[in-house]
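Novice: Dumping the structure here so I can ask a few things about it.
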Amino acid sequence: MPVDETLATYSDWLYRSALGVYLFAVLLYAVEQAFARAPRKAMAGAGGPDILTDAPKSELTRTERIGRMGAAMTVLGAVLHLGSLVMRGLSAGRAPWGNMYEYMSLLCLAAVVTWIVLMAKFPIRRLGAFVLTPILVLLFLGGTVLYAESAPVQPALRSYWLVIHVSVISISSGMLLIPGVTSILYLLKDTNSDRFPKLPSADVLDRMSYRTTVLAFPLFTAGIILGAIWAEAAWGRFWGWDPKETVAFVSWVVYAAYLHARATAGWRGRGAAWINIAGFALNVFNLFFINLVTSGLHSYAGL
Amino acid sequence: MIAFLRNTWRGLTSMRTALTLLFLLALAAMPGALLPQLSLNAAKVDEYVAQRGWWGQLLLKLGFFEVYATPWFAAIYLLLFTSLVGCLLPRTWEYFKQMRAKPVLTPRNLSRMPHHSQAELDVTPDEALARAKKAMRGWRMETGEGTVSAERGFLRETGNLVFHFALLGLLVSFALGKMFNYEGQVIVQADGGQFCNGGIFNYDQFRPGLRVDGTDLTPFCVEIGKFTADYLDNGQPVGYQADIRYQSGDDLTSNTWKPYTLQVNHPLRTEGDRLYLLGHGYTPTFTVTFPNGEKRTQGIQWLPTNQLTLASEGATKFDPPGVTDSETRRKNQIAVTGLLAPTPLLHGSILNSKFPALNNPMVAVDVYRGDLGVDDGRGQSIFSIDQKMVEQGRLAKVARKNLALGEEIVLDDGTKVRFDAVNDWVSLQVSHDPTQGYVLAFAILIILGLGVSLTVKRRRVWVRATRLEDGRTLVEVGGLARTDQAGYGEEFTRLARAVLNEEKS
C-alpha cells in the first residue's frame, strides 16, 4: 500500500496549524484569567444547576470577550487537529494511530474535546490555559521528538483490533488528562482559597474531576480488556505481564482506588485528588518511560 | 476471642482496608514493569543480577524477578479478595432486601431537600397526584396520604454487584487457567515439515501449568506448506502467511487433512488449542561430499540476528559417514558455521544482508573439522558450535569462503562443502488455556457492570399535594440523589416542571 505523500504533507500542516491555534487560545485564556475579577459571590452550590447563565451581551466585559475568543480558538484548533488525523489515516490507508506520534495526537484531541464539552457544562472557561498547556507540551513533543513519517504498520499491528483497542485506550487516556489537571487545581484551591481567588470553587473542580473520571474509567477498562482479546489472537495469551500491560493494570487499580476513596471517610476531597493525580502520572509514565526506555512487546508501538 | 475475630473481619472488610490493599497491589505490581522478569526474559535477569552483586542477589531471593508468582504478591490479592467478599456478602443481602422494599415515606418538610420546587395550582389534590404519577412513569412509586414517593436507579447497585462478582469470577478463572494451561514453541521447516502435539519432547520450549505433566496434550498434527512474506522497499515486513494442513479430532483416525492459512493475528483454533505463527527465518542446505565419495545433505534452521535484514547465523553439523569407531568419528566431524544473507551486500569480501527476502542468497562460511563435542551428554545449541572445543584445539577452522547458491569449498583433505539451497522455517506456538472463555465472559460482565454502576443514579422524588383554604392546591416536589455528585439537578427540574405544569399556569 503506497503512502500518499501529498495527504501526509497536508496532515503535517494541519497538525502545525492546530498547535499554533491552541497556543493562541492559551494566550487568550491566560489573558482572561489574569485580568478577570475574582467572582464576588460563590459559584452555584452542590445542588444548583450546572449551566452557566451567560450575562447579557451588553454586559460582556473585554476580558470575557477574550475568554470567549479563546474557547472559539480551541474549537477551531480541535477541527484542524481532527483534520490532521484524518489526513494521516487517508495517506497511510489505515487507522491513524499506529505509532507514538499518532497515538499522542489522538490522545490530545480526546483531551481537547473533553475540555470543550466540560466548558459547555461548567463555568470554568478561564481554566483553559491550565488545561491546554500540558496538551500543548504533549503535542509539541509528539510533533518533534516522536514524529514519525506516514507509513504502513508491521504485520502484528495489521488488525482491526488496532482500530478498536488503540483508539479506546488513547481516547480514555486523553479524557483522564483533564481530571489530572483539575485535581491539581483542586488541591491548590483547597489548600488556600484566598490565594487563588480566581479559581472556581473546590466543589466545582472536584465534581468535574469525578464526572470525567467516571466516564473515562469504564472506557479505559474496556480498552484494557480489548487489548487482552487482541493479545490472545496476536501473542498467544490474553495477559502476560508485559511492562505496558502491567502499568496499565497498575493505573487501573489506582483509578479504582480513586472511586473507592470518594466513598471513604477521610479520603474524600484531598486524598481522592492526590490519587487521581497519581493515576494520571502513571499514564504519562506508561506512555513515555515504558514505550521509550523498557523493552516489551508494546515497544514497536514506539517510534 | 470471638470479639477479636469479629474485629479482624470488620477491619479487613472495611473500605479503608480495601483502599490500602488497592494501593499495596498497585505498588507491588510495579517492579514487574521496571525490573526484568524471568517469565519474559531470563537472560536479562541473569545479566541484571550479575551486574548488581549482593543487591541483585537480594532482589532475586525476594522474588523481584518473578513478581507475579511471589507469595507476597499473592498475599496482597488474596487479602484484597477476601476483603471484597466480606464487603459483597452483606451488600448482596441488603440489595435483595431493598429490591422488595417500598420507597420511603414522604418527609414532613420537603423544602429541606437538596432539590425543591412548589406551586399553587387550580386542581384538586387527587388530580395533582395523578399528574405526578403520570410524570414519574417508570419509577417505583408508593402512594400515601396526599403524597407520592418514588425512587429510581436500583440498577446502579445491580451494576456495582455484577462488577465486583465478575471481578471475583475473573480471578478464579485466571487462577484455574494457570493450573491447566500449557504453552509450547517449536520451529518447523516450511515446504513439508510436520509437527504433532504428542508430547513435551516435540517442542523446543514448553511451559506447562501447575497441574500439567504433558501426558495428555490435545492431539493434533500440522504440516507446513508454503511460507510467504511481503516486505516494503525498506525491508519493513507487511505480512506473513503460512499455508498449512492440519488434522485433529476424528480427522486423526481417518487421516484427513484440512487446509488453513496461518497468519499473524489469525491463529488456528482447533479442539480447544490454538496454533500461532510467531516468526520465521531461513534454513540453508549444505551437501558435504566426503573423500570416500559419500554425500550427506543437511538443512537446519539458522537464527536471524538482524530482524530487519534477516541476516542469520547458525551451525550445520555433519558426522562422517560409515565410521563406527567413535574416536575416529570425533576427529572428522564437520560444522559449517557463519552468516547467511538473504539478499547479499558485499563490502569487498565482507558479506552482509541488505534485505530480508531471498534474492540470490549467499553465505559466508567457516568450516570446522574435529570434535564437535556433541557426544559428551550435555545439550548444545543448534545455532552454534561449542567454543570450548575450539579453545582446546579439538575443533579447528579449516576453511573460510563466501558461497553463492551451487558454489562449493574444497577442504585440504578433498572434502567438498556445497551450498545447495535456502528454505523457510516458521516458529510456531501452541497454547492451551481451558478457562480463557470464562475469563472473557467475566471481563464483559465487568465492563457492563461498571458502565451501569457509574452512569445510573439512585434518586428519590416526593410529591405532596395540600388543599389550601382558597380552594387551590399547593403542590410541593422534593428530590434527593442518593449518590454523590450525581448531577441530578437537570432531571429534577424537568420532573418538577411536568408535575407543577409551569408552562400552563
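Novice: From the list B:159, B:239, B:198, B:235, which residue is under 21 Å from residue B:269 (Cβ atoms) and within 14 Å of chain A (Cβ to nearest Cβ)?
Specialist: Values: B:159 fails: under 21 Å from residue B:269 (Cβ atoms); B:198 fails: within 14 Å of chain A (Cβ to nearest Cβ); B:235 fails: under 21 Å from residue B:269 (Cβ atoms).
It is B:239.
Novice: With the checklist (1) more than 14 Å from every other protein chain (Cβ to nearest Cβ); (2) more than 30 Å from residue A:69 (Cα to Cα) in hand, flag the one item residue A:108 doesn't pass.
Specialist: For residue A:108, the failing item is (2).
Novice: I need the full set of residues from the stretch B:198-224 which are more than 13 Å from residue B:263 (Cα to Cα) and in a strand (DSSP E or B), in order please.
Specialist: B:205, B:206, B:207, B:208, B:220, B:221, B:222, B:223
Novice: Quick one: in the stretch A:265-290, of everything that is facing chain B (nearest Cβ under 10 Å) and closer than 30 Å to residue B:267 by Cα, which residue is surrounded by the fewest Cβ atoms within 10 Å (Cβ to Cβ)?
Specialist: A:286
Novice: Next question. Residue A:296 is checked against (1) more than 8 Å from chain B (Cβ to nearest Cβ); (2) in contact with a Lys or Arg (Cβ under 6 Å, 6 or more places away or on another chain) and fails just one. What number does that condition carry?
Specialist: (1)
Novice: I'd like to know if the stretch B:242-259 contains one or more residues that are surrounded by fewer than 19 Cβ atoms within 10 Å (Cβ to Cβ), in a strand (DSSP E or B) and either at positive phi or of a type in the set (S, T, N, Q) (or both).
Specialist: no
Novice: Further, regarding this structure: May I ask you to list the residues in the stretch B:39-62 that are surrounded by 17 or more Cβ atoms within 10 Å (Cβ to Cβ) and under 27 Å from residue B:78 (Cβ atoms)?
Specialist: B:40, B:45, B:59, B:60
Novice: Pick from B:435, B:483: which is of a type in the set (Ser, Thr, Tyr) and modelled with pLDDT under 85?
Specialist: Numbers: B:435 fails: modelled with pLDDT under 85.
Going through B:435, B:483 in turn, the sole match is B:483.
Novice: Just give me the residues in the stretch A:230-240 being at the interface with chain B (Cβ under 7 Å from one of its Cβ atoms) and among the aliphatic types (A, V, I, L, M), in sequence order.
Specialist: A:233, A:234
Novice: Quick check on this structure: which one of A:233, A:261, A:265 is in contact with a Gly (Cβ under 9 Å, 6 or more places away or on another chain) and among the aliphatic types (A, V, I, L, M)?
Specialist: Every option except A:261 fails the conditions.
Novice: Output the residue which, of all residues in the stretch B:419-444 that are over 30 Å from residue B:203 (Cα atoms) and crowded, with 18+ Cβ neighbours inside 10 Å, is nearest to the other protein chains (Cβ to nearest Cβ).
Specialist: Checking each candidate, the answer is B:443.
Novice: Kindly check whether there is at least one residue in the stretch B:151-161 that is at positive phi and touching a residue at least 40 places away in the same chain (Cβ under 8 Å).
Specialist: If we filter the stretch B:151-161 for residues that are at positive phi, which is where we start, we get B:153.
Applying the additional criterion that residues be touching a residue at least 40 places away in the same chain (Cβ under 8 Å) yields B:153.
Scanning the stretch B:151-161 turns up at least one residue that is at positive phi and touching a residue at least 40 places away in the same chain (Cβ under 8 Å).
Novice: Please verify whether the stretch A:255-264 includes one or more residues that are surrounded by fewer than 23 Cβ atoms within 10 Å (Cβ to Cβ), small (Gly, Ala, Ser), within 30 Å of residue B:266 (Cα to Cα) and facing chain B (nearest Cβ under 7 Å).
Specialist: No, every residue in the stretch A:255-264 fails to be surrounded by fewer than 23 Cβ atoms within 10 Å (Cβ to Cβ), small (Gly, Ala, Ser), within 30 Å of residue B:266 (Cα to Cα) and facing chain B (nearest Cβ under 7 Å).
Novice: Right, something else. So residue B:464 passes all but one of these: (1) crowded, with 22+ Cβ neighbours inside 10 Å; (2) within 14 Å of chain A (Cβ to nearest Cβ); (3) of a type outside the set (Val, Ile, Thr). Which condition number does it fail?
Specialist: Of everything listed in (1) crowded, with 22+ Cβ neighbours inside 10 Å; (2) within 14 Å of chain A (Cβ to nearest Cβ); (3) of a type outside the set (Val, Ile, Thr), residue B:464 misses just condition (2).
Novice: Sticking with this one: For a quick check of your reading: which helices (runs of 4 or more DSSP H) sit entirely within the stretch A:51-164 and have at least 3 residues that are over 19 Å from the mean Cα position of the chain (by Cα) and assigned by TED's automatic domain parsing to the domain that holds residue A:11? Steps first, answer last, please.
Specialist: Numbers: elements: A:62-92, A:100-121, A:128-144.
Because the criterion is at least 3 residues that are over 19 Å from the mean Cα position of the chain (by Cα) and assigned by TED's automatic domain parsing to the domain that holds residue A:11, the helices (runs of 4 or more DSSP H) in the stretch A:51-164 that meet it are A:62-92.
Novice: Looking only at the stretch B:445-460, how many residues end up being free of Cβ contacts under 8 Å to residues at least 60 places away in the same chain and under 25 Å from residue A:236 (Cβ atoms)?
Specialist: 1
Novice: Within the stretch B:354-370, can you find the residues that are over 13 Å from residue B:402 (Cα atoms), touching a residue at least 40 places away in the same chain (Cβ under 8 Å) and buried (at least 21 other Cβ atoms within 10 Å of the Cβ)?
Specialist: B:356, B:369, B:370
Novice: Okay, moving on. Given the condition assigned to a helix (DSSP H, G or I), more than 7 Å from chain B (Cβ to nearest Cβ) and among the basic types (Lys, Arg), answer yes or no: does some residue in the stretch A:201-208 qualify?
Specialist: no
Novice: Could you list, in sequence order, the residues of the stretch B:327-359 that are assigned to a loop (DSSP other than H, G, I, E, B) and within 19 Å of residue B:307 (Cα to Cα)?
Specialist: Of everything in the stretch B:327-359, those that are assigned to a loop (DSSP other than H, G, I, E, B) and within 19 Å of residue B:307 (Cα to Cα) turn out to be B:342, B:356, B:357, B:358, B:359.
Novice: If you take just the helices (runs of 4 or more DSSP H) that sit entirely in the stretch B:9-61, which of them hold at least 3 residues that are facing chain A (nearest Cβ under 9 Å)?
Specialist: Counting at least 3 such residues, we get B:15-29, B:31-34.
Novice: Considering each residue of the stretch B:145-159, count those that are of a type in the set (Gly, Ala, Ser) and more than 15 Å from residue B:101 (Cα to Cα), and give that number.
Specialist: Final tally of qualifying residues: 2.
Novice: Does residue B:311 satisfy the condition of being under 30 Å from residue B:230 (Cβ atoms) and either among the aliphatic types (A, V, I, L, M) or modelled with pLDDT under 95 (or both)?
Specialist: Yes; evaluated as a whole, the condition is true for this residue.
Novice: Ok, one more. For the stretch B:160-189, enumerate the residues that are of a type in the set (Gly, Ala, Ser) and crowded, with 20+ Cβ neighbours inside 10 Å.
Specialist: Selection gives B:166, B:173, B:177, B:184.
The values are calculated or read from the model by the stated rules, or taken from the named source; none is laboratory data. This is a predicted model, so every value here is computed, not measured. Heads up, the Cβs are rebuilt from the backbone with ideal geometry, glycines too, and the neighbour counts pull from every protein chain shown.
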